[in-house]
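Working notes, structure below.
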Amino acid sequence: MIKPFTDLKKQVLLIPGNHETVATTDLLAEIYSPAKSIHGYSFIKNNVGIFGAGGADIGVHTIKDAEIYSLLKKGHESVKDLEKKILVTHIHPAGTKSEFSGFKGSKAVRKAIETFKPDVAICAHIHEAAGVEDKIGNTRVINVSRKGKIFEV
């Protein structure tokens with residue numbers, strides 16, 4: 001899935017899901033350079049900052065909520081003063097429409113949205129929630145899931 005985009009010289013940003021290790025994501029970023037992992041990091045283009053954290057507190061490779069928040073805080077630090085900010089996570093925020101499936105969202109992701117106030121928050125954990133949109137304050141929350149979505153910055 002990555003190669004067609006990198007062949008077209010498109011920037012690809014990666015985070016691990018709940019079945020990939022951080023090492024797998026880092027390896028894919030290395031193989032498909034200039035793809036970049038934003039798991040605890042950020043990417044800046046045209047005064048837009050994108051920061052993220054992957055994983056979930058479920059699955060083969062779990063990442064606890066406290067660590068997710070810490071990674072988002074670290075990634076946000078270098079984009080905090082930019083005009084636009086986009087937060088990217090695997091797990092959906094707590095208290096959003098994506099919880100219809102019975103899987104609780106992340107309190108850490110919700111806290112990050114309420115604290116850092118990104119313009120957009122993108123998540124994907126609940127596949128059945130593909131296309132579901134929500135709002136937390138002024139942040140537009142989009143579950144892209146299995147449908148995926150290409151964002152041009």
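Readers should treat all values here as calculations from the given coordinates under stated rules, not as data from a laboratory. Model, not experiment: these values are computed from the prediction. A quick note on method: Cβ atoms are made from the backbone with ideal geometry, for glycine too, and the neighbour counts reach across all protein chains shown.
As a length-normalised measure over Cα pairs under 8 Å and 6 or more apart, the relative contact order of the chain settles at 17 percent. Applying a DSSP loop filter and a limit of 11 other Cβ atoms within 10 Å to the GluC sites (Glu not before Pro) in the range 42-101 leaves GLU83. Taking amide hydrogens as placed 1.01 Å from N in the peptide plane, the amide H of ILE126 sits under 5 Å from those of HIS92, each at least 5 positions away in sequence or on another chain. Remark on GLY49: its backbone amide H falls under 5 Å from those of LYS84, LYS85, ILE86, a criterion applied only to residues 5 or more positions apart or on other chains, H modelled at 1.01 Å from N.
Shown in residue order for the range 89-98 are the 3J(HN,Hα) couplings computed by the Karplus curve 6.51 cos²θ - 1.76 cosθ + 1.60 at θ = phi - 60°: 9, 7, 6, 7, x, 4, x, 10, 4, 5 Hz (x for Gly and Pro).
Annotation for ARG140 and SER33: the two label points, set 7 Å from Cα along the Cα-Cβ direction, are 3.5 nm apart. Would you please classify the overall shape of the range 1-72 from the alpha carbon gyration tensor, given that a ≥ b ≥ c denote the square roots of the eigenvalues, rounded means a/c under 1.5, and beyond that prolate means a/b larger than b/c while oblate covers the rest? Cα axes put the range 1-72 in the oblate bin.
With 0.36 nm allotted per residue and the present C-alpha distance subtracted, the ALA130-ASP7 stretch has 41.6 nm of extension available. Set the bar at 24 Å for Cα to Cα. Now go through LYS45/LYS107; LYS64/LYS111; LYS80/LYS111; LYS74/LYS117; LYS9/LYS80; LYS9/LYS74 and name every pair that lies beyond it. Distance filter (> 24 Å) returns LYS45/LYS107; LYS9/LYS80; LYS9/LYS74. With both residues required to sit in the range 35-147, DSSP beta bridges show an antiparallel share near 35%. Annotation: amide H-H contacts under 5 Å for LEU14 (H modelled 1.01 Å from N, sequence separation of 5 or more, or interchain): LYS36, SER37, ILE38.
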